[in-house]
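The values are calculated or read from the model by the stated rules, or taken from the named source; none is laboratory data. The structure displayed is predicted, hence computed values, not measured ones. Using ideal geometry, Cβ is built from the backbone for each residue, glycine included, and neighbour counts are taken over all protein chains shown. Side chains are part of the model used for accessible areas, which takes the heavy atoms of the whole protein and leaves out ligands, DNA and RNA. Shrake-Rupley method; radii C 1.70, N 1.55, O 1.52, S 1.80 Å.
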Amino acid sequence: MRAEILKSLIPFKRNKLIGELKLQSCEQANIFYATHIQSDENIGAGDFSQNRNWRASLFSHQTKTEEDIVIVDGDSTIIQGIYKDRLGEQSKADYEYVVNVYVWVEIEEEGGKS
């Protein structure tokens, strides 16, 4: 009974694991970045604009726009991305979704003007 009362008072839902992403260099660095991608089942928590007639969208909430800074030495010339789908694996179903990975490269030149 107490668990049911708490469940109705705290309507938080567990996030779902969507997949695992790894980036690796073919040089000495090998795997230099790993993360998991998950859904945000509680995006409307504390947002009083959420109701059954309106839901958050990419335009209104910029869902899952994240940036991670990773430093890899200059010897890494080829980067390979590995993505493992966990959502379809767990539910034994086929889902269509897109995972975008953007890589920015910062180049520092030694010396001044050439």
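Points worth noting:
- Residue match in segment 47-61 (condition: modelled with pLDDT of 85 or more and in a strand (DSSP E or B)): no
- If you filter segment 26-37 down to residues that are out of contact with any strand residue (DSSP E or B) (no Cβ under 6 Å at 6 or more places or on another chain) and of a type outside the set (A, V, I, L, M, F, W, C), you find that the one that is surrounded by the most Cβ atoms within 10 Å (Cβ to Cβ) is 27.
- Applying the criterion of being of a type in the set (S, T, N, Q) and part of a loop (DSSP other than H, G, I, E, B) to the residues of segment 64-114, the residue that is modelled with the lowest pLDDT is 114.
- Residue 20 being at pLDDT 80 or above, acidic (Asp, Glu) and open to solvent by less than 70 Å² (accessible area, probe 1.4 Å): yes
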